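Got a structure for you, questions after.
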Amino acid sequence: MGTRGSDDLSAESGGDPADGRNSDPYLEWLEAEIQEGRADLRERLKELECLFSVDRALRRADCHWRACLQSVVDILPSGFRLPARTSVLVQWGDAEFRSNGFHSSRFSRSRPIAADGELRGEIQVCLTPTPDESEPSFAPEEVSLLSGVGDRLGEALGRRQAEAELRESEEFVQSLVRSSPVPLFTIDAQGQVLSWNPAAERTFGWPTDEVVGRSPPIWPEDRKEDLAEVLRRALAGESLSGLRLPCRRHDGSGVDIALSVAPVQDREGGVTAILFAVQDFSGSTGAWKKNLFQARLLDAVGQAIIATDLDGTVIYWNRAAQELYGWRSTEALGRDIMTLTPGLQSGAQAEEVMVTLRQGESWTGEFSARHKDGSPLQVLVSNAPVMDEHGDLVGIIGVSSDVSILKNLEAQVRQSQKMGALGRLAGGIAHDFNNILTVIQGHTEILLDDLSEDSRLRGDIQEVLDATQRATHLTRPLLALSRQQVLDLRIQDLRESTRRIRPMLRRLVPSRIVLSFELAGDPEWIKADVSQLGQVILNLVVNAADAIKGTGAIHVTVDRRQVSQEQVEATPWEVTPGTYSRLVITDSGMGMSPETVERIFEPFFTTKPPDEGTGLGLSTVFGIVRQSGGYTLVDTAPGRGTTFEVLWRRVESPEEDSAPVEGLGVEGHERPRGSQRDRVVLIVDDSPQILRVATRMLEQAGYRVLTADNGEEAFRMVGTHHPELALVISDVVMPIMGGGDLLQRLDSTFSDLPIVLMSGHTSREVGEDLRALASGFLAKPFGRQSLIQVVRKAISA
C-alpha cells in the first residue's frame with residue numbers, strides 16, 4: 001500500500017461527488033478487490049460494518065440532524081486500520097463536528113460534501129503518527145471508504161436539512177396566516193375549505209371546525225356560480241383582485257367584502273390550493289367608506305362602466321356591464337376587454353381611440369358588439385383617460401349604452417314613415433289614375449252604345465274596355481298599400497281560412513318544392529276581409545316559391561303569439577304589444593340581404609327579372625294586413641331562407657259584430673224620404689272630365705244633371721234647387737270643400753236629401769260617423785251600369 005496525497009483523493013474516489021452519479025466508491029473498490037482475489041475479508045467486514053453503522057445513524061428519524069452527524073463522526077474511525085490513531089472532522093455550513101479525542105495532523109485526507117448539486121461542507125480524516133513513523137499512509141480501501149461516507153453525508157444531510165427548513169417554513173407560514181389581521185382561507189380544487197384563519201372566524205362568525213372540509217358557507221346559493229367561475233380561473237393559474245361579491249355572516253347578516261384570489265402552486269407549477277384574501281369594508285370610515293360608497297354608486301348606474309389598464313385588462317366591471325354584455329364580474333376581471341366584447345373595436349379603431357386618450361381627450365363612438373350568448377348589440381361607448389398625478393395615462397374608463405332598442409325604434413319610425421309616404425303617393429296615383437280610367441271607361445261605353453251591332457269598330461272599342469278593366473286591377477295593390485281600399489271585415493278562423501286555400505296553393509307551388517302545413521289546434525278568430533286574406537296567403541306562398549331555386553321546402557303554420565314590450569323594442573318592424581293570431585310562412589330559399597329587406601314592401605320593387613314580376617305582391621300584403629289592424633314581420637339573411645310572420649289582433653268571440661272598414665258599402669245609410677221628386681241629380685267633382693262623362697251617362701239614362709266643381713258651390717246649388725233635387729253624388733277629395741264636409745253640412749240642413757260619396761280611394765279623413773250618413777259609395781273607376789245602379793238604389797231607398 002503506497003502513500004497518497006490529499007490532492008488526488010477525488011480522482012481515486014471516482015470523480016467529483018457533485019457529478020450526480022449514484023455509485024458508492026467503497027463498494028466499487030471492494031467489488032474489484034474480491035474479483036481479483038486480493039480482498040482480506042476480515043478487514044473488509046470491519047469496513048462494511050462501519051459503513052452500515054453510518055447508514056443507520058443517518059436514517060434515524062428520532063434525532064436531530066446535528067446529533068446524527070455527530071454519531072457518524074464518532075463511528076467513522078472504526079472503519080480504519082488504526083482506529084485509535086484516527087480522528088475525524090466534519091464541517092457542514094457554519095457547524096463543525098469532531099470525533100472523540102480529535103487530534104489534528106498533517107497526515108490527512110479530505111472529501112468534499114455536496115448536496116443538491118452544490119458544495120455544502122467537507123469531511124477530513126487525520127492519522128496521528130507514532131514517534132518512529134516518518135510519514136504514515138492511508139490504504140486504498142480507506143480512501144474509498146472516506147469517499148463513500150462523504151457521498152452518504154451529502155445526500156442524507158441535504159435531504160434532512162431541506163425537510164427541516166420546509167417544516168420551519170410551513171410553521172412560519174402557518175404562524176403568519178394565524179396572526180394575519182386579514183381574513184385568509186384556502187380551498188381545494190373541489191371547493192372544500194382547507195384552512196380558515198382566526199381573522200376569517202371574526203369576520204364571518206364561523207369557527208374553523210365548522211368550515212374546514214365544507215364548501216365556504218359565506219356565499220348565498222344564488223352566487224355559487226360566481227364561486228365556480230373563480231375556482232375555474234384560479235385552477236387555470238390566474239390571480240384575481242378586487243372581486244366584490246355579496247357575502248353573509250353566520251348570523252345571516254350581509255357583509256361588504258372585496259376578494260383577492262391566487263393559486264397556490266407546487267414546484268412543478270401544479271395548483272394544490274386556492275388562497276382567498278378578504279378585504280372587509282364593514283364598519284369602515286374615511287377613505288374606505290368613501291370608496292365603498294363610490295363603488296355602490298357605480299353599480300347603481302344604469303349604464304355599463306368598465307375600467308381597463310393600458311393593456312386592455314379589465315380592472316372594474318359594474319353590474320350594468322354584466323347585464324349588457326352577459327359576463328359576470330368574476331368572469332370579466334383580469335381578462336382582455338377585446339375577448340369580452342368581440343367586435344366592439346377593430347385594431348385600427350382601438351389605436352385611434354388610444355391616440356385620442358393619450359392626448360387627455362375623451363372619445364365617443366358607436367359600435368356593433370356581441371353579448372356573451374352571441375346575440376348582436378349596438379353599443380354607444382364613451383371612453384375617458386385615467387391619468388396619474390404626473391399626467392401620464394394609466395388606464396381607461398368606458399361607459400357603454402345599449403342603443404339597439406333606439407336603433408330598432410328608429411328603424412320602425414323610418415319604415416313607418418317610408419311606407420306612409422309611399423302609401424300616400426300610391427293613393428294619390430291610384431286616385432288620379434282611377435279618374436282617368438273613369439273617363440275612358442265611360443266614354444268608351446257611350447261610344448260602344450252608339451255603334452251599330454255590325455260595326456267593325458265594336459271589337460276595337462271592346463278591347464279598350466277590357467284594357468280599362470285590367471288597369472283597374474292594377475290600381476288595387478296601390479290602394480291596398482295606401483290602406484284606402486274598401487274592406488269587408490268579418491270574423492273568421494285563420495286556421496280554417498288557410499285550410500280552404502291549401503288545395504290552390506298546392507297547385508301553384510312546383511312539385512320540386514315540399515309544401516307542408518301545421519294547422520291543427522283551436523280556432524284562431526281574427527277580423528279580416530275574406531277575399532283579401534286569401535290574397536295575403538297566396539302572395540306570400542308564391543313569393544316563397546319564387547325564392548327557392550331548385551329543390552326546397554315551404555312550411556305554413558297558424559298559431560298564437562304573445563308580443564311583449566321587450567320584443568317590440570328588439571325588432572326593427574312596427575308592432576305593438578298584445579296577443580295575436582299568427583300566420584307564419586317559412587321557406588328554404590336564398591334569403592335576403594338587409595338592403596333588400598329595407599325595400600321589400602315598396603311598390604314595384606322586385607329582385608326578379610323584368611318579365612317575371614310586378615313588385616306589387618308584398619306591398620299588397622303589407623297594405624291589406626296593416627289596414628286590417630295587423631302587422632307583417634320578416635326574419636331573413638342570405639343563405640338561410642326567409643320567414644314572414646303576419647299578426648292579426650286575436651278576437652275572443654266569433655259573435656262580435658263586423659263592419660266594412662275604410663269605405664262605405666253600396667247599400668249605405670237609409671233615411672226617410674219626402675215626396676217623390678223629379679229625377680234631378682247633382683254631381684260634384686273637381687275633374688271636368690268626370691263631370692262630363694258622368695253627365696252623359698246619367699242623361700242617357702233619363703236623368704237631368706246639375707254639376708259643381710267643389711263643395712261650397714254644391715251647397716249653394718242645393719239651396720237653390722233643393723225642391724227638385726233627388727240625389728247628390730260627391731267626390732271625397734276636392735279643393736275648397738271636400739265631400740266629407742259637404743255631407744255633414746247637407747245632413748244638418750237638408751236631412752232628407754240622399755248623398756252618395758265617390759272616390760278613387762276612400763278618404764281617411766272621413767270618420768265612421770260621417771260614413772254612416774252617406775246613402776252609398778261609388779268606387780272609381782266606374783262604368784255606366786255601376787253608376788246607374790248606385791243612383792237608383794239611393795233614390796229609391
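Which whole-number value in Å² is the accessible area per residue of the stretch 154-281, probe 1.4 Å?
On the way: 6680 Å² over 128 residues.
Ligands and nucleic acids excluded, the result is 52 Å² per residue.
Which length gain, in nm to one decimal place, applies between Thr596 and Ala189 when the Cα-Cα distance is subtracted from 0.36 nm times their residue separation?
Working: separation 407, 0.36 × 407 = 146.52 nm, distance 5.41 nm.
Stretched out fully, the Thr596 to Ala189 stretch lengthens by 141.1 nm.
Could you tell me what percent of the accessible area of the stretch 184-266 is made up of carbon and sulfur, with a 1.4 Å probe and every protein chain present?
On the way: 1820 of 3750 Å².
So the carbon and sulfur contribution to the accessible surface is 48 percent.
Pop the C-beta distance of Glu652 and Thr356 into the FRET formula with R0 = 56 Å and round what comes out to the nearest 0.05.
Working: r = 59 Å, r/R0 = 1.04.
Efficiency for this residue pair is about 0.45.
7 Å from Cα along Cα→Cβ at both Thr576 and Arg248: what's the point-to-point distance in nm?
Going from the Thr576 label point to the Arg248 one covers 4.6 nm.
What shape does the stretch 684-755 take by its C-alpha gyration tensor, where a ≥ b ≥ c are the square roots of the eigenvalues and a/c under 1.5 counts as rounded, a/b above b/c as prolate, and the rest as oblate? If you can, show how the numbers build up before the last one.
Working: a/c = 2.07, a/b = 1.20, b/c = 1.73.
Since a/c reaches 1.5 but b/c is at least a/b, the shape of the stretch 684-755 is classed as oblate.
For Asn318, which sequence-distant residues (separation of 5 or more, or a different chain) have an amide H within less than 5 Å of its own amide H, given hydrogens modelled in the peptide plane?
So Asn318 has HN proximity to Ile305.
If you don't mind, another one. With a 1.4 Å probe and every protein chain left in place, work out the accessible area per residue of the stretch 47-103 in Å², rounded to a whole number. All intermediate terms of the calculation are to be shown ahead of the outcome.
Values: 2840 Å² over 57 residues.
I get 50 Å² per residue for the stretch 47-103.
Okay, next question. Full-extension gain between Leu508 and Ser239, please, as 0.36 nm times their residue separation minus the C-alpha to C-alpha distance.
On the way: separation 269, 0.36 × 269 = 96.84 nm, distance 6.58 nm.
That pair, Leu508 and Ser239, stretches by 90.3 nm at full extension.
Here is a further query. How much of the accessible area of the stretch 61-153, in percent, comes from carbon and sulfur atoms when a 1.4 Å probe is used?
C and S fraction of accessible area: 45 percent.
Please give the length that would be gained between Leu310 and Ser452 if that part of the chain were fully extended, namely 0.36 nm times their separation in residues minus their C-alpha to C-alpha distance (nm, one decimal). Don't skip to the end; give the middle numbers.
On the way: separation 142, 0.36 × 142 = 51.12 nm, distance 9.57 nm.
Taking 0.36 nm per residue and subtracting the Cα distance, the gain is 41.6 nm.
Here is a follow-up. If you plug each phi of the stretch 731-744 into the Karplus form 6.51 cos²θ - 1.76 cosθ + 1.60 with θ = phi - 60°, what whole-Hz ³J(HN,Hα) values come out, in order, with x for Gly and Pro?
My calculation for the stretch 731-744 gives 5, 7, 9, 8, x, 6, 8, x, x, x, 5, 4, 4, 5 Hz in order.
Long-range amide H contacts for Cys247: which residues qualify at under 5 Å (H placed 1.01 Å from N, peptide plane, sequence gap of 5 or more or a different chain)?
Val255, Ile257
What nm value, rounded to one decimal, do you get for the distance between Ser751 and Glu713 when each label is placed 7 Å out toward the C-beta?
3.0 nm
According to the square roots a ≥ b ≥ c of the eigenvalues of the Cα gyration tensor, what is the shape class of the stretch 197-264, taking rounded for a/c under 1.5, prolate for a/b larger than b/c otherwise, and oblate for the remainder?
Details: a/c = 1.71, a/b = 1.47, b/c = 1.16.
In terms of gyration-tensor shape, prolate.
The values are calculated or read from the model by the stated rules, or taken from the named source; none is laboratory data. Just so you know, these numbers come straight off a predicted model, no measurement behind them. A quick note on method: Cβ atoms are made from the backbone with ideal geometry, for glycine too, and the neighbour counts reach across all protein chains shown. Note: accessible area is taken over every heavy atom of the protein model, side chains too, but ligands, DNA and RNA are not part of it. Shrake-Rupley method; radii C 1.70, N 1.55, O 1.52, S 1.80 Å.
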